[in-house]
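Below you'll find the structure, written out as structure tokens, and then a few comments.
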Amino acid sequence: MNIGLMSGGVAANVVPDYARAEVMIRVSTTVAEVDAIVKNIVGSRVNMTVVSANEPVYCATLPGYPTEAMAYNTGRRLVLLGHW
């Protein structure tokens, strides 16, 4: 999980009435399972907006052909917005 962006409030010495975070979660399970885990953790304390989601990609190998690890997007990008 990467909390890429966080913001909130009006000044460093004032307790904010809201906060915003953009989170990227790399998954090796289904998007639905990740949603359930995140919703269980944050509950009704935040509004959650899904910006993008990709199911994991499982690759097969063929005997006799070389393989190499490659970068690709398998993740979940969320925007969490809390008001309190």
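Odds and ends about this structure:
- Qualifying residues in region 27-36 (those that are surrounded by 13 or more Cβ atoms within 10 Å (Cβ to Cβ) and out of contact with any helix residue (DSSP H, G or I) (no Cβ under 9 Å at 6 or more places or on another chain)) - the one nearest to Val57 (Cα to Cα): Val31
- The C-beta contact set for region 3-24 (first residue surrounded by fewer than 14 Cβ atoms within 10 Å (Cβ to Cβ) and in a strand (DSSP E or B), second residue modelled with pLDDT under 90 and among the acidic types (Asp, Glu), distance under 6 angstrom, 6+ apart or interchain) comprises Gly4/Glu22; Leu5/Glu22.
- Subset of region 38-72 that is closer than 25 Å to Ser7 by Cα and exposed (fewer than 12 other Cβ atoms within 10 Å of the Cβ) - its residue that is modelled with the highest pLDDT: Asn40
- Looking only at region 29-72, and only at residues there that are of a type in the set (Asp, Glu) and not in a helix (DSSP H, G or I), the one that is farthest from Tyr18 (Cα to Cα): Glu68
The values are calculated or read from the model by the stated rules, or taken from the named source; none is laboratory data. Computed from a prediction, not measured in an experiment: that's the story for all the values here. Backbone-built Cβ (ideal geometry, glycine too); neighbour counts: all protein chains shown.
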